[in-house]
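Values quoted throughout were computed directly from the atomic coordinates according to the rules given, and no laboratory measurement underlies them. Note that the structure is predicted; figures quoted are calculated from it, not measured. Glycine also receives a Cβ, built like all others from the backbone with ideal geometry; neighbour counts cover every protein chain displayed.
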Amino acid sequence: MLNQIDDTRKKRAVIIFLATILFISMKGFLSPVVGVGFVLQKEVIGVSGDQKVVIFQSDIEGILAENDSLRLLLPEDSENLQISEITETELKKTYPEIEYIVHMRLCTEDSVREYRVNREDFNILNIGTVARFEVYRSERTVIRRIIEV
């Protein structure tokens, strides 16, 4: 009878140990990583089924639009590409899904990465600025939040 109790305690200790290791691993995998990057380019992409179309593209040289009628959705003389809620609603009449992409040169490594962001963060990030941001280890191509610009 004493051996059965000891075996049960050992099994319970092993299960608790494994659960703890799994929890720590998942927490590390899901925890955010801070990055710092220089904003080089911004894109608004329309998605319809399997097709993706670059609607707007912005860099140091200015803003390009897929066509002139879409260009009219942007404010005149705007240097930084920003998409208002009204503009997004208009774009969604043609494209059911809109993606906001920011290309950044990372300060910690000499590489350019592409990140998906929400519309609000897209509007905050201006070409030529440096930003601190968080990404998840599990999803390094999506900016979770902007820490500072």
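Details
- At most 10 other Cβ within 10 Å, DSSP loop - trypsin sites (Lys or Arg not before Pro), the range 64-144: LYS93
- Aspartates and glutamates with Cα under 14 Å of LYS93, excluding same-chain neighbours fewer than 8 positions away: GLU85
- Normalised radius of gyration (Cα atoms, divided by 2.2 N^0.38 Å) for the range 33-148: 1.05.
- Linear extension gain, GLU66 paired with THR89, 0.36 nm per residue minus alpha-carbon span: 6.6 nm
- With 5 Å bins from 0: P(r) over the range 67-132, alpha-carbon pairs, percent: 3, 14, 23, 24, 18, 10, 6, 2, 0
- The stretch between ASN80 and ARG145 holds 21.4 nm of extra length on full extension. This uses 0.36 nm per residue minus the Cα-Cα distance.
- Between SER111 and ARG132, residue separation times 0.36 nm minus the direct Cα-Cα distance comes to 6.0 nm.
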